[in-house]
Each structure stands twice: as structure tokens, then as C-alpha cells.
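Below is one structure, written out as C-alpha cells, with a few remarks after it.
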Amino acid sequence: MHISVIGTGYVGLVTGACFAEFGLHVTCMDTDAKRIGWLEKGEVPFFEPGLAELVRKGIKENRLFFTTDLTKAVEEALVIFIAVGTPPREDGSADLSYVEQVGAGIGRHMKSYKVIATKSTVPVGTGDRIREVVKRNQAADCRFDMVSNPEFLREGSAIEDFLRPNRVVIGADSDQAVAIMKDLYRPLYLIETPFVITDIASAEMIKYASNAFLATKISFINEIANLCEKVGADVQVVAKGMGLDRRIGPKFLHAGPGFGGSCFPKDLAALVQIGERAGETMEIATKAILVNERQRERMVAKIRESLGTIKGKTLALLGLSFKPNTNDLRESPALWLAERLLQEGATVRAHDPEGLEEACKGLPALVPCKDAYDAAKGADALLLLTEWNEFRNLELDRMKGLLRRPLFIDLRNVYEPERLAAAGFRYISVGRPPRGPIPSA
Ligand code: NAD
């Protein structure tokens, strides 16, 4: 079967490469000619573990093709996935202009029956909206079906998430479209992946409700962490105790600087907007956003309190991407903190395994460092902001020798406080009491 994927970002490219791996003939289309040029040569323009190998395999085996030509992408495909961005507008609502552009283009070029499947995260009602746009632009009179097929992959483990998802959601109002979609995902049926087959509106809502719930879980544990600090409890133990209850589960209960990335902040804001338009206030989602914003400020206060003052200090920052195993800097709490510390007059020496170059383009005042030890040279404190594996087992004695003062601020709770205190560090983390001797100024 021939399919095409419009948009070759994190979601589109992973979708295309993985469907090619399933044995389908896939055309990936993007308006970004530079990006398509790289992809044709098997070069992936962002960091995602395993993706470059899969793309090269798809190209070599003649199942994966790239183009900037929408006509080509539409003509051959039975199923067309829309995977373009839906960034937030000023008021938080999702900007659907890219999705609509694609819908209009599909309408203009289609000459036979198509299934148009939305992978982009879009507000409830968008399926109907795209259907209208396609109809308005149709040059030839042919039937098509709309499907909502939201994507749940996580950057950093996107391939594994796509090939072994917890569930596949298909929202449609046509049996033919459901049958075609099921056929596409047949390899997942074989591994007994649960399928949720529903109407388009419910499928669209499942995506927002899932992301809002996960983001709320993070804000919840961050509030508990802040309370733990006040009452002398340890949030790591509290989260463990909570997470062992199967009704709660251990995931997304890690206290830290708050959530970021290209999805949670934007999708929460969009859900609040959807609620407002429908006359139904989303109180919990609204508060989850507020708590997240406050958490970042709390981290600044924590750093300031540990140092006395930020101005004039040299800080070693470990991690800039919004989470490990990706170079995605969108809405990264680490990048936000880096910018804020610079604004407050600190010298910021930073290292990130994949995101450093891009971060320095946006924040030229950052001092790029080749690794964690290079960053630590002469710094007043070490700040662990993104928990990349290479920061999980630092040589503490070596680190201590490089820092001006043995102050370790771990905003991801990666280290055992006792171990750091025993190594002679003042150790500050989130939701746990500080440990170790206070270093002299
Ligand atoms: P992205 O910004 O990485 O990629 C979007 C791509 O679409 C870009 O390459 C851009 O050039 C291309 N594009 C824009 N307009 C186009 C057009 N008219 N025709 C062809 N290509 C066009 O975005 P992303 O992170 O892959 O996200 C895409 C969608 O998937 C969003 O709605 C997002 O919310 C959703 N989503 C993202 C993730 C994630 O982890 N990134 C996970 C699940 C869902």
C-alpha cells in the first residue's frame, strides 16, 4: 500500500520511517526544501535515537521517499497523514493554519478516494473543519474520509513508542476508513496492541486529555515537593510510596523544574481554550499551567538562596534540552533557566550532549563547554538541569577539584543526598532537605 506523510518533523518523520519499516511504500513531504534535501541523503535534521538508521534503511530498501511536491504525495497515496505543527497562538489556542493549508492542497490534487488522517494534535472539531476545507478546494469529484489518529510518541524514545505503543486511537465515521487504518497498523495487531476505535471528536479529545493528565501529574508532584521542603519530608520517598499504588502508578511523579517541550505547555493551553470556547472552564488544567510557571520561579529562588546572589556568579549548567535523548529545546525549563540566570548577571558555562549548538544560537552569551567537567571549571555551583545519562555518574572528586565551591544544585533529583554530602558537597535538590556543609563564599 502507498501512503504519504505531510510534515517531516519529529512526528511525521518517525511515522514515515516506521510505516516504511512495516513494509509500506511511504512518501514524506515537507515544504522545507533544505530539510527534504538532507533527508534524501539519509541525514536526519534533529537528534532522535535510532531514527537516522531507520530512515537510511527505508531509503535503501526503496520504501521511503522524500519530496517537496504535494501533488506527488497526494497522487499515489491511499492514506495521507497530516503531521504538520499546530503551534500555540497568542491566546493559547492551536494555530491550525498549517493543517488547513495541507487540507486545501490535498483537496486540489486528489483524483481518487483518499483517507486523510490527522496525526497533528488538533482541537475537537478540527476533523470536520479539514473536511470542509478539502471539499471547498476539490478540483475533481471524488470521495474521501477523515480520520483522527493522534500520536503519543515521546521524543527520545519515539521509534520504540511508535513500534510498540500502549494503544492506537482511530477516530472515524466510515467503516472503510477504519478497515484501511487497521490494515496499516496490522503489525501492531500481531503484538496485541490495544486499539481504540471511536468517533473523530473522541479521538481528538483523547490526545488532549492524556497530555493534560500527565502534565497535571507533574504539577501535582511538584506542589507536593514544595510542601515536603516546608515540612521536612522527602518527595522521592513520597512519590515512591504513592507510585506503588497501581491506581496511581510511578510514572510522571518526578519532582523537578516543571514540564516543558513542544507538547505539554501548548496542549494544556489549547485545552483551556477549547474549554473556554465551549463554555466549560478547565480549572485543573489552568492550575497545572500556573503551578508549572511558579515552579520555574521557585527554581530561580532556590538557586539564588543557595548562592546568596546570582549576579557576578559563574554557574556550570548541565543539560539544556527539555528532557534527555533529544536536542529539542522548545519550552525547555533548562533553557529558560539559562536565559534567566544570564539576565540576572551570571556567567553561564553550559554543556548539553545534543542541544548545545542550537542553544548557543539563541543565547549567544552562553559559554559552550565540551563536557560537564569543562563546564565546572571555576564555577560557583554545578546545576543539573536535564538528566542525560552522562550526568548520572559524575566523578565527584574530580568535579570538586574543578569547582570554585563544592555546591551542587540538582533540579532533577538524580543523586543520593547522603552520597553527595559524604563527598563533601553542599547538595540542594527538589523536595528534599539540603545536605552537606555550607561552603564558604
Ligand atoms: P515539527 O515542528 O517538528 O515539524 C513540523 C513539520 O511540518 C516541519 O518540518 C514543517 O516544515 C512542516 N510543515 C509545515 N507546514 C507544512 C505544509 N504546509 N506542508 C508540508 N509540511 C509543512 O512538529 P512535530 O513536533 O513533529 O509536531 C507535529 C504535530 O504532532 C503537532 O501537532 C504536535 O503537537 C504533534 N505531536 C508532537 C509530538 C512530539 O513529541 N513532538 C508528539 C505527539 C504529537
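Nothing in this text is a laboratory measurement; each read-out follows from the coordinates by a stated rule. These figures come from a predicted structure and were not determined experimentally. As a convention, Cβ positions derive from the backbone with ideal geometry for all residues, glycine included, and neighbour counts pool all protein chains shown.
Take Leu64 and decide whether it is away from the ligand (no atom under 11 Å from the Cβ) and in contact with a His (Cβ under 9 Å, 6 or more places away or on another chain). Spelling it out, Leu64 is indeed away from the ligand (no atom under 11 Å from the Cβ) and in contact with a His (Cβ under 9 Å, 6 or more places away or on another chain).
Checking the stated criteria, Asp141 turns out to be away from the ligand (no atom under 16 Å from the Cβ) and among the charged types (D, E, K, R).
A single entry from Glu229, Glu204, Glu192 fulfils the requirement of being crowded, with 17+ Cβ neighbours inside 10 Å, out of contact with any Lys or Arg (no Cβ under 9 Å at 6 or more places or on another chain) and acidic (Asp, Glu): Glu204. Taking each residue of the stretch 153-169 that is surrounded by fewer than 20 Cβ atoms within 10 Å (Cβ to Cβ) and looking for partners that are small (Gly, Ala, Ser) with beta-carbon atoms closer than 7 Å, six or more apart or interchain, yields Ile159/Gly50.
Would the stretch 184-199 turn up any residue that is under 21 Å from Pro87 (Cβ atoms) and either within 16 Å of the ligand (Cβ to nearest atom) or among the aliphatic types (A, V, I, L, M) (or both)? Within the stretch 184-199, none of the residues are under 21 Å from Pro87 (Cβ atoms) and either within 16 Å of the ligand (Cβ to nearest atom) or among the aliphatic types (A, V, I, L, M) (or both).
Within the stretch 330-346, if we keep just the residues that are more than 23 Å from Tyr373 (Cβ to Cβ), surrounded by fewer than 23 Cβ atoms within 10 Å (Cβ to Cβ) and touching a residue at least 24 places away in the same chain (Cβ under 8 Å), the residue that is nearest to the ligand (Cβ to nearest atom) turns out to be Arg330.
Yes or no, residue by residue, for (1) away from the ligand (no atom under 12 Å from the Cβ); (2) touching a strand residue (DSSP E or B) at 6+ places or on another chain (Cβ under 7 Å):
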site: Ile6; (1), (2): no, yes
site: Tyr10; (1), (2): no, no
site: Thr15; (1), (2): no, yes
site: Ala20; (1), (2): yes, yes
site: Ile36; (1), (2): no, yes
site: Leu39; (1), (2): no, yes
site: Glu43; (1), (2): yes, no
site: Lys57; (1), (2): yes, no
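Filtered by the rule that a residue be assigned to a helix (DSSP H, G or I) and within 16 Å of the ligand (Cβ to nearest atom), the stretch 212-267 gives Ala212, Phe213, Leu214, Ala215, Ile218, Phe264, Pro265, Lys266, Asp267. Listed by position, the helices (runs of 4 or more DSSP H) enclosed by the stretch 347-416 that each have at least 2 residues that are in contact (Cβ under 8 Å) with a residue 40 or more places away in the chain are 372-376.
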